[in-house]
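A.B. asks: Pasting in a structure now, in structure tokens, and then I'll have a few things to ask.
Just so it is clear, none of the values below were taken in a lab; they were calculated from the coordinates. Treat the numbers as computed from the prediction; the structure is a model and nothing was measured. Ideal geometry is used to build each Cβ from the backbone, glycine not excepted, and the neighbour counts take in all protein chains shown.
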Amino acid sequence: MLQHRHLLGIEGLSKAEITTILDLAELYAKQNRSSQKHSTALSGMTQVNMFFEASTRTQSSFEIAGKRLGADVMSMQMSASSISKGETLIDTAMTLNAMHPDLLVVRHPHSGAVALLAEKVNCAVLNAGDGRHEHPTQALLDALTIRRAKGRLHRLTIAICGDIAHSRVARSNLLLLGKMENRVRLVGPRTLMPSGIEQLGVEVTDDMEAGLKGADVVMMLRLQKERMDGGFIPSEREYYHRWGLDPAKLAHAKPDAIVMHPGPMNRGVEIDGVLADDINRSVIQEQVEMGVAVRMAAMDLLARGLRNHKKEEVYV
Ligand code: NCD
């Protein structure tokens, strides 16, 4: 079980909790490959997905995960333009809260919005990505994918490459991989590197050859153009030339290095399209598969907490 009511970020999770989620997800991954995909962990429960930002894989993954666990699942389409932040977000949450959902899955463009909402409701809240802050289930699914490919989740060299500054995926990943005692390198243009990030115990470089040298895992990030207001990169062509992953750059990593990408991909901008589809190197489809399993595990564990704790009891 987890020591928390909510899953808001990797930051608050212990090493043991991360392992608990991944171990359970491993069982769900197996079940998901069978023709009997249903279980009853969430039976009788209501799961509401509130996505205030566009999402394809994360939203469908949470929806499938909830259905496979037997919950009643409702996905609300919240277009970003219809909300005016703060008060409206809380009002929406309070309205939903009155309908007694058990699990609320929330994605929001503002860092910290999901945690704010979690303070106002009685159910368990899962952060499906808040601004540039955290995307915990993405880091967990990446961790499970790495553990399955490499046979372990410690003492690996992992290069996270590209648009670090705008990426909640990078942030959650570097927190998780650091906790599990891996060597993390951040690679990308200086303009897309948050200042002072070295203080988190990561190595930073703007050179792909140096960054990928000897890496076990090469994790590419999407160039998050919607979070940029110009001037971050010279041109997409130049960006691909210097930081786009192609076979020549990948040759600097270990011969058995795996290639990852959270999706959606900009083919020919941050990654070569053929390489992304190369099943001998790329685990991008496996990431999607593990996404469902990890979300099932996280919701199962939070639901166990809800069933075992009385509402008044305080979680850490
Ligand atoms: C990521 C996200 O939304 O943060 N995508 C995802 O969840 N699969 C990364 C991205 O949008 O680039």
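A.B. asks: Tell me which GluC sites (Glu not before Pro) from the range 126-225 have a DSSP coil assignment and no more than 15 other beta carbons within 10 Å of their own.
C.D. replies: Working: sites: 134, 181, 198, 203, 209; in loops: 181.
Within the range 126-225, the qualifying GluC sites (Glu not before Pro) (loop, at most 15 other Cβ atoms within 10 Å) are 181.
A.B. asks: Among the listed pairs 37/225; 37/254; 150/179; 15/150; 225/249; 67/150, which have their C-alpha atoms separated by more than 27 angstrom in this model?
C.D. replies: 37/225; 37/254; 67/150
A.B. asks: Using a Gaussian network for the chain with springs between C-alpha atoms less than 10 Å apart, which of these wobbles most: 101, 234, 264?
C.D. replies: Looking only at 101, 234, 264, the biggest GNM fluctuation is shown by 234.
A.B. asks: Follow-up question, since we're still on this one. Taking only DSSP H segments of four or more residues, each worth -39500 (n - 2.57), what value at 222 nm results for the chain once the sum is divided by all its residues, to the nearest 500 deg cm²/dmol?
C.D. replies: One gets -12000 deg cm²/dmol as the mean residue ellipticity at 222 nm.
A.B. asks: Still on this structure, I have one more. Which of 24, 244, 159 sits closest to the plus end of the dipole of the chain, meaning its Cα is farthest towards the positive end, when Lys and Arg get +1 and Asp and Glu get -1 on the C-beta?
C.D. replies: Final value for the positive-end residue is 24.
A.B. asks: Compute the angle between helix 15-32 and the longest alpha-carbon principal axis of the chain, please, reported from 0 to 90 degrees and rounded to the nearest 10.
C.D. replies: The angle comes out at about 80 degrees.
A.B. asks: Compute the distance from the alpha-carbon center of the range 194-240 to that of the range 18-43, in whole Å.
C.D. replies: Taking the Cα centre of the range 18-43 as reference, the centre of the range 194-240 is 34 Å away.
A.B. asks: May I ask you to work out the translational diffusion coefficient for the range 217-268 at 20 °C, viscosity 1.002 mPa s, via Stokes-Einstein with Rh from the Kirkwood sum over Cα pairs, reported in whole µm²/s?
C.D. replies: 174
A.B. asks: Rounded to the nearest 0.05, what FRET efficiency do residue 74 and residue 1 have when you use their Cβ-Cβ distance and R0 = 22 Å? If you can, show how the numbers build up before the last one.
C.D. replies: On the way: r = 26 Å, r/R0 = 1.17.
Working from the Cβ atoms, E equals 0.30.
A.B. asks: Using the per-residue mean of other Cβ atoms lying within 10 Å as a proxy for protection, in what order, highest first, do the peptides 112-119, 246-253 fall? Provide the component values of the computation, followed by the final result.
C.D. replies: Working: 112-119: 19.2, 246-253: 16.2.
Those peptides, ordered most packed to least, come out 112-119, 246-253.
A.B. asks: Loop-only trypsin sites (Lys or Arg not before Pro) in the range 167-245, please: DSSP not H, G, I, E or B, and at most 15 other Cβ atoms within 10 Å.
C.D. replies: On the way: sites: 168, 171, 179, 183, 185, 190, 213, 222, 225, 227, 237, 242; in loops: 213, 222.
Answer in residue order: 213.
A.B. asks: Work out the P(r) tail for the range 1-56: percent of alpha carbon pairs separated by more than 15 Å, whole number. Numbers along the way, then the final one.
C.D. replies: Numbers: 1043 of 1540 pairs.
Roughly 68 percent, once rounded to a whole number.
A.B. asks: Percentage of Cα-Cα pair distances in the chain greater than 37 Å, rounded to whole percent? Show your work: numbers first, answer last.
C.D. replies: On the way: 7134 of 49770 pairs.
Roughly 14 percent, once rounded to a whole number.
A.B. asks: Next up: Which one, 122, 111, 177, is farthest towards the positive end of the dipole of the range 93-186 when Lys and Arg carry +1 and Asp and Glu -1 on their Cβ?
C.D. replies: Positive-most Cα among the choices belongs to 177.
A.B. asks: Can you give me the distance in nm between label points at residue 308 and residue 206, each placed 7 Å from the Cα along the Cα-to-Cβ direction?
C.D. replies: Taking the two extended label points, one gets 5.0 nm.
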